[in-house]
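See structure below.
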Amino acid sequence: MKEPHNYRKVGYSMIVISVSLVGIGLIVWAIGDNYHYSSDLMSGQEIDTMTPKTGYNIISFDDSQPVGAKLKLLDHAETNATAFQLKEQHANSESTIIIFGSSADDNKKLVEDEKLIAAQIAQEKASTASAAEKSNQKIQSTPPSTSPPTGHATLTLTEQVNATINPVNQTTTNGTNKSVNLNESIGVTSK
């Protein structure tokens, strides 16, 4: 039997495979710290797609949408004044309206600025919500030093609402006459 002499081809293919694996390893090492590499790449392509060759595009930007659906083309204008008029017309929508010029780099900066503004607004809402939650936790029920006259219950909220409950007496008749008087005063203090 004749021995095939394909060792050289096998050796070359092994070298090609090892070089490609080294190349993949170097790429992973270079972008390994950037977890958002692919989404950043896709969002950059989305911005490039919406960038006009000439004139201005009016774009709706919704950061809550997934990558690829954040930008929506609303209109196109040739002049800056017309672009601002169209932006005002579309301002009634719930998403942010941006005017894209013909520079892709400037458009990327605009989108990044809008993301930062949206993040700041979300952070402020979260901080006010957590502050409100903390103030709700600080509400204390404190008994008064003196009790009101018999038959009166008083509720006073000192921060935003001042309310007083007027005299409460309840008489129930089930064959006998009973009278229930509420003598407690409840003070709620919020700081």
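Each reported figure results from applying straightforward, stated rules to the coordinates on display, with no laboratory input. All values derive from a computational prediction rather than experimental measurement. Positions of Cβ are backbone-derived with ideal geometry, glycine not excepted, and every protein chain shown enters the neighbour counts.
A quick yes/no check of all residues on (1) free of Cβ contacts under 8 Å to residues at least 12 places away in the same chain; (2) of a type in the set (Lys, Arg):
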{"site": "8", "(1), (2)": "yes, yes"}
{"site": "13", "(1), (2)": "yes, no"}
{"site": "17", "(1), (2)": "yes, no"}
{"site": "39", "(1), (2)": "no, no"}
{"site": "43", "(1), (2)": "no, no"}
{"site": "55", "(1), (2)": "no, no"}
{"site": "61", "(1), (2)": "no, no"}
{"site": "86", "(1), (2)": "no, no"}
{"site": "103", "(1), (2)": "no, no"}
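Filter region 45-67 down to residues that are of a type in the set (Gly, Ala, Ser) and within 15 Å of residue 114 (Cβ to Cβ) and give me whichever is nearest to the chain's Cα centre (by Cα).
64
I'd like to know if region 76-84 contains one or more residues that are surrounded by 10 or more Cβ atoms within 10 Å (Cβ to Cβ), in a helix (DSSP H, G or I) and not hydrophobic (A, V, I, L, M, F, W, C).
Yes: region 76-84 contains one or more residues that are surrounded by 10 or more Cβ atoms within 10 Å (Cβ to Cβ), in a helix (DSSP H, G or I) and not hydrophobic (A, V, I, L, M, F, W, C).
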